[in-house]
Amino acid sequence: MRIMILGPPGSGKGTCSKIIEEIYKIPVITTGDMLREAVSKESPLGIIAKTYMEKGELVPDDLVNKLVKERISEKDSVKGFILDGYPRSIKQAQVLEEMLAEMGKKLDHVINVVLEDEAIITRLSLRRSCPKCGAIYHLINKPPKKQGLCDLCNTKIVQREDDKEEVIKHRLEVYWEKTQPLIDWYEKRVKVKKIRGDIDINILPKVIKEIIES
Ligand code: AP5
């Protein structure tokens, strides 16, 4: 099964993706996490990506497309995958369409996670994440069991560099200009299923399962 999760920054794409991964045992491909890893390793890609990410801009399409092409060709992606945060521009969507056609595959589900900008700005200031395994927390809605430590790998959880208010606002502007038009683009091709990004986190797995299996 191949699933794409669309939605503005902070709407809950990563949270939904991890739930789907847990239910259907298919890997999540999060371009944001892959780029953050490249930045922390100071690889050639990371050095370029950092200059865009710290300002809340999109990393150039050709770099991200290459990263995704390599990742979806890996062995664990054969049975399916969840795309979280990719594509983010019509150009990326066109390249993905070509990649999937070459592999003789198609998307099974496109899910759009919706949340208003004001709620996103408030929420992201309280997000913390694990730099090691990528687990996502919220200091009020989903706090870790042990204060400051990841439930899954006991690593110290951190606030993301781009979760400062002025960068969040710019990420939202970039979303509305470059990524939101993708919803119409996909609606002409597949049924885009909508989910609210503020559904009670405890019932989220049940709601997601119903959406996918309906
Ligand atoms: P990326 O890491 O993908 O960031 P983003 O799209 O801005 O999305 P976020 O990860 O901030 O939020 P999310 O929607 O996953 O929400 P989450 O589940 O964490 O990208 C970062 C940067 O990398 C980009 O700005 C760009 O520079 C670059 N990049 C990445 N992909 C690229 C691409 N394809 N092309 C070019 N550049 C690219 O939830 C947010 C918070 O809300 C958490 O605290 C969570 O616990 C909480 N929460 C979630 N759901 C609920 C709920 N139902 N109820 C209550 N709280 C909830």
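Here, each number is a calculation from the coordinates, and none is a lab measurement. On a predicted model such as this, the values are computed, not experimentally measured, just so you know.
For the chain, modelled as a GNM whose springs connect Cα atoms under 10 angstrom apart, the maximal fluctuation among SER89, SER73, SER125 occurs at SER73.
Length available on full extension from GLU97 to ASP76: 0.36 nm per residue minus the Cα-Cα distance, which gives 5.6 nm. Largest mean-square fluctuation among GLY85, GLY148, GLY104, in a Gaussian network model of the chain whose springs join Cα atoms under 10 Å apart, belongs to GLY104. Could you let me know the centre-to-centre spacing of segment 102-172 and segment 18-82, using Cα atoms, in angstrom? Here the answer is 15 Å between Cα centres. Counting every pair of alpha carbons in segment 63-210, the share spaced more than 21 Å apart comes to 57 percent. Quotient of the Cα radius of gyration of segment 137-208 and 2.2 N^0.38 Å, N being its number of residues: 1.49. Values of log10 I(q)/I(0) for segment 1-154 across q = 0.13 Å⁻¹ run -0.64, by the Debye formula with one identical scatterer at each alpha carbon and no solvent. Normalised by residue number, the volume inside the convex hull of the Cα atoms of segment 17-82 is 92 Å³ per residue.
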